[in-house]
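A quick write-up on the structure given underneath.
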């Protein structure tokens, strides 16, 4: 019987590289596939791998919300819309947005930014730190609730409510645009 | 050999799920047990659905293969495996191939957190209920892609219907679930999303959540019970596969083994959502009447019920063995039915042995409650006519969603009442 606490950690380099590779391959497939449904499915794979990365960071709640909202909710609506479009014609059409130069420039700038941040924050440290503070899995959800709603420690209540208000505005706007008479 | 027995005994003494203990061996055993049990349950459900529906419509149902058609599901399975596997010429081959696997994976993965007992779960996650809702919502992706990849009109319409329906009812379902999660925080101050934690909260509060804050718990349960039928695409919400309008909906173009994967996924998804309802509202593995009929005597009586149930089934088998036609052609069938009864009776007698009795009681009560929901599913199918699509959307968005929101606010208000009252009195007193 292995006592709790001495389990081999989940956050091993193997899993990190596996999930990261899945995400990158999924991301590349999203922009290279001509068929929009294939792109959407590649995007779902990338989002699920991202949920796995959240799990590795000991944030199970964020991972669960990622699966429910992005993979289960938003991507279903994506597919729903894509199916209503006539794909056959779109696939035969010649792509006319030749903006690969701008795209490469933007990607290089973003990559440079990431590398700069990474090198300044991890100077003199190993890629995978040997020991770091790990949170108990059972506290993650409660910790998020405390950060959001607690009377003394809650810092993000206002931002959270504003974000939900924005979403409400979007919902009402969509209903008004879609249905003139309710 | 001795070491192995010691190992098993050590495990039985511990009161942890194999996932929480990090025990790979027992986790694998549990996964195999759950997978096997689920497959048997789906087969049994197939037979029961046909039989019960038939009896509701004053028919006999399957009678030919085996006594009272008991071997009919096996015959069906063999037929499906031997059928030609057709992929339409114009279909999107990869997506067509992947879709059934997405549905099956989503339907089976959720059983990782289903608590059949305090120690009888593959693992216990801190985000258990969130995990179940999230992964089961992935199955709609499989349905949508299956309908699209078939490149045919009926499947596409079925897929569009199912995605609209499942996304709509997920909202109401989520609201009903949140009201229960709020109830788990009542005495301790911190709620929990863990499936085992939710049942333990009902145990410590001495009340199943269906009776909590009467009638609020009951309303939440009803919202969930309606939404879960819509989520699993079953009658009266079976528009995605309405056979009179769309031949078979999203799986019209599927045949053979791939079709049977959809079948398997549909039934295991039904079991999965039923076990969510049982865990959240009906006290999970807890036995009925814990307050009214308590004490050691009643505990003993209730622990005998699993064995007695199996003996009852065995008695039904023997009764029907006696009623079988006395023609020589029915000789093998009669013997088979008697043998089946004997096996059931043996299982029932095994369940009277005290150590087995203690370990099996919780699994029995959980399964019995889930079986009740399965019967309800069949009953709905035999009773209600199918909804029209606009009626379906109206029920989802204009009735269940506002009810869910009101329920959430009311539950929060009632739960806060005592606390606020105490605070108010404290403020007025000085």
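Per-structure values
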{"read-out": "Listing of helices (runs of 4 or more DSSP H) fully contained in the range B:15-91 that carry 3 or more residues being within 27 Å of residue B:336 (Cβ to Cβ) and more than 14 Å from chain A (Cβ to nearest Cβ)", "value": "B:24-56, B:72-82"}
{"read-out": "Qualifying residue in the range A:18-26 (condition: at the interface with chain B (Cβ under 10 Å from one of its Cβ atoms) and over 21 Å from residue B:98 (Cα atoms))", "value": "no"}
{"read-out": "Residues located in the range A:55-73, provided they are assigned to a helix (DSSP H, G or I) and away from every other protein chain (no Cβ under 11 Å)", "value": "A:56"}
{"read-out": "Candidates B:117, B:147 - the one that is farther than 17 Å from residue B:199 by Cβ and touching a helix residue (DSSP H, G or I) at 6+ places or on another chain (Cβ under 6 Å)", "value": "B:147"}
{"read-out": "Listing of helices (runs of 4 or more DSSP H) fully contained in the range B:98-185 that carry 2 or more residues being more than 11 Å from chain A (Cβ to nearest Cβ)", "value": "B:153-183"}
{"read-out": "Residue A:109 in a helix (DSSP H, G or I), more than 22 Å from the chain's Cα centre (by Cα) and modelled with pLDDT of 80 or more", "value": "no"}
{"read-out": "Hey, residue B:237 closer than 21 Å to residue B:166 by Cα and assigned to a helix (DSSP H, G or I) or not", "value": "no"}
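To keep it simple, each residue is scored yes or no on (1) under 26 Å from the mean Cα position of the chain (by Cα); (2) in contact (Cβ under 8 Å) with a residue 40 or more places away in the chain.
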| residue | (1), (2) |
| --- | --- |
| B:313 | yes, no |
| B:338 | no, no |
| B:355 | no, no |
| B:367 | yes, yes |
| B:374 | yes, yes |
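A quick yes/no check of all residues on (1) surrounded by fewer than 19 Cβ atoms within 10 Å (Cβ to Cβ); (2) within 14 Å of chain B (Cβ to nearest Cβ); (3) farther than 30 Å from residue B:175 by Cα; (4) at pLDDT below 85:
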| residue | (1), (2), (3), (4) |
| --- | --- |
| A:75 | no, yes, no, no |
| A:79 | no, yes, no, yes |
| A:87 | yes, yes, yes, yes |
| A:90 | yes, no, yes, yes |
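The values are calculated or read from the model by the stated rules, or taken from the named source; none is laboratory data. None of these values were measured; they are calculated from a predicted model. A quick note on method: Cβ atoms are made from the backbone with ideal geometry, for glycine too, and the neighbour counts reach across all protein chains shown.
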